[in-house]
Amino acid sequence: MTAHARASASTRLLKLLIFLMFATFAMTTDSVGTIIPEVIREYRLGMTAAGSFHYASMAGIGIAAILLGFLADRFGRKSTILLGLLLFCATSAMFAAGNSFGMFVILLFVSGLGIGIFKAGALALLGDISVSTRDHASNMNLIEGFFGVGAIVGPALVALLLETGTSWKWLYLIAATLCGILILGTVLAPFPRSAGRAEQPADPRDAMRMLADPYALFFATLLMFYVAAEAAIYVWAPTYFAGYEGPNAAIAAFVVSIFFVLRAAGRFIGAWLLARFEWTAVLVICSSAMALLFWIAVVGGRAAAVFALPATGLFMSVLYPTINSTGISCFSKSRHGSIAGFLLFFTCIGAIVAPLAMGAVGDLAGNTDYSMALGGAFATLLALLCLWNFVRQPVAAKLAERNTGDYGVGDLAEGSLRSVS
């Protein structure tokens, strides 16, 4: 086998591993909306307290992202991914021994740390095996497509477990088993040499320094607004439709599942779209359609929301991976671990603060109607920023610089591989 053929085979294997990593942790993080009503019933909690199942893991991911994202740049992609997978696997397995709400929250926080570590490493690795900023965006949509598959399987599995009288904790035991397979695959897979080298060794301050970088802050803001709108559906939609007996009530029980199916399908389509059309135009169209559907749901009530809210998934699908990958692409590959961690941190800020605010509003109002209106407000802010980005093109020069820089010119492009990175 030629060096080029070996490099191509290795790239396919690494992509498969990343796909499965994202699908596995999505099974757990995107199942909280289905688990929360059960937790409220079991432990007699309010919406804000029960939402800790979501806040805990997001807090862990965010802290790991901002403080430990540099590990992928300092110690290599493989070592960082293995560390995160081991932590996620161990904490998921420990759910078997848990029997208290407090213990579950702690386990979710620690598992979030593991997710944050291996996700930053995997996103940095994705940059290494991409040959252009456009290829990077396309690959990110494919990866997020598999994340969407995991987000479909997880809630469906929880629903099946509850229907058969089995504890929802089995979801985490299944995730731990899958994670064990991923650990083995990561150990055996050959990783590419990093395409670039930082002038100075990476350290925990790298992500913090990006607070002064306008490109990093712009994409971080976009991601916060996106995740804030998304969380309104996958965290609170099951509670929003709880007890609904109006028109199409049968569909209401599957709103989150339909949302995830459409989001996953849209992400695979997004990889095709971004290979052919300008990313700024795609963001404007999709974010505007998402915001419009939110307001249709708010104005039309649950009878309209039963169709409008899941339909947002089709348009949300392209937004997160495109914003995330483009933000990472604005920086040299030697800094991809740090920027991935920085953006992931702000993603988690949105995923914590927005659902917390929605839960608090729901508790104060006695229902979740205003929670969905808040989601619509976040979606509208995102659409406005995407429109500004389309008109002003603030990062066009930066992306052109990167395309003529270290994309496609590193060791991977030359077919050089090593067993560890």
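The values are calculated or read from the model by the stated rules, or taken from the named source; none is laboratory data. Computed from a predicted structure; not experimentally measured. Here the Cβ positions follow ideal geometry from the backbone for every residue, glycine too, while neighbour counts run over all protein chains shown.
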Open item on the list: Any residue that is aliphatic (A, V, I, L, M), over 18 Å from Ala357 (Cβ atoms), in contact (Cβ under 8 Å) with a residue 60 or more places away in the chain and crowded, with 19+ Cβ neighbours inside 10 Å - is there at least one of those in segment 41-58?
Closed with: no
TODO: Kindly indicate whether any position in segment 8-20 is among the aliphatic types (A, V, I, L, M), farther than 30 Å from Leu108 by Cβ and at pLDDT below 85.
DONE: yes
Task: Filter result for the condition that a residue is in contact (Cβ under 8 Å) with a residue 12 or more places away in the chain and outside any helix (DSSP H, G or I), over Val131, Val110 - done: Val131
TODO: Starting from segment 378-390, keep only residues that are farther than 15 Å from Phe294 by Cβ, then list their pairs with residues that are assigned to a helix (DSSP H, G or I) and among the polar types (S, T, N, Q) whose Cβ atoms are within a distance under 9 Å, requiring at least 6 positions of separation or different chains.
DONE: Leu385/Thr221; Leu385/Ser287; Leu387/Ser287; Leu387/Ser288; Asn389/Thr280; Phe390/Thr280
- [ ] Would you mind finding the one in Gly98, Gly114, Gly127, Gly154 that is touching an Asp or Glu at 6+ places or on another chain (Cβ under 8 Å) and either on the phi < 0 side of the Ramachandran plot or not small (Gly, Ala, Ser) (or both)?
- [x] Gly154
- [ ] Find all pairs meeting these conditions: Cβ atoms under 8 angstrom apart; at least six residues apart or on different chains; first residue within segment 139-167 and at pLDDT below 85; second residue among the basic types (Lys, Arg) and buried (at least 23 other Cβ atoms within 10 Å of the Cβ).
- [x] Asn141/Arg267; Leu142/Arg267; Glu144/Arg267; Gly145/Arg267; Gly148/Arg263; Gly148/Arg267; Ala151/Arg263
- [ ] Determine which single condition Lys119 fails, assuming it passes every other condition in (1) touching a residue at least 12 places away in the same chain (Cβ under 8 Å); (2) more than 16 Å from the chain's Cα centre (by Cα); (3) in a helix (DSSP H, G or I); (4) under 25 Å from Phe260 (Cα atoms).
- [x] (2)
Open item on the list: I'd like the full set of residues that are in a helix (DSSP H, G or I), over 15 Å from Ile117 (Cα atoms) and small (Gly, Ala, Ser), limited to segment 332-356.
Closed with: Ser334, Gly350, Ala351, Ala354
Open item on the list: Of everything in segment 275-307, what is closer than 24 Å to Ala250 by Cα, surrounded by fewer than 20 Cβ atoms within 10 Å (Cβ to Cβ) and of a type in the set (Gly, Ala, Ser)? Give them in sequence order.
Closed with: Gly300, Gly301, Ala303, Ala304
Task: Residues being aliphatic (A, V, I, L, M) and in contact with a Ser or Thr (Cβ under 7 Å, 6 or more places away or on another chain) - total across segment 358-378 - done: 3
- [ ] Answer yes or no as to whether Ala97 is under 30 Å from Gly313 (Cβ atoms), modelled with pLDDT under 85 and among the small types (Gly, Ala, Ser).
- [x] no
TODO: Test Met316 against the criterion of being at pLDDT 90 or above, in a helix (DSSP H, G or I), aliphatic (A, V, I, L, M) and touching a Cys at 6+ places or on another chain (Cβ under 8 Å), and give yes or no.
DONE: yes
- [ ] Kindly indicate the residue of segment 368-406 that is among the β-branched types (Val, Ile, Thr) and in a helix (DSSP H, G or I) and also farthest from the chain's Cα centre (by Cα) among those meeting that condition.
- [x] Val391
Open item on the list: I'd like the full set of residues that are of a type in the set (D, E, K, R) and either within 17 Å of Phe19 (Cβ to Cβ) or out of contact with any strand residue (DSSP E or B) (no Cβ under 7 Å at 6 or more places or on another chain) (or both), limited to segment 136-194.
Closed with: Glu144, Glu163, Lys169
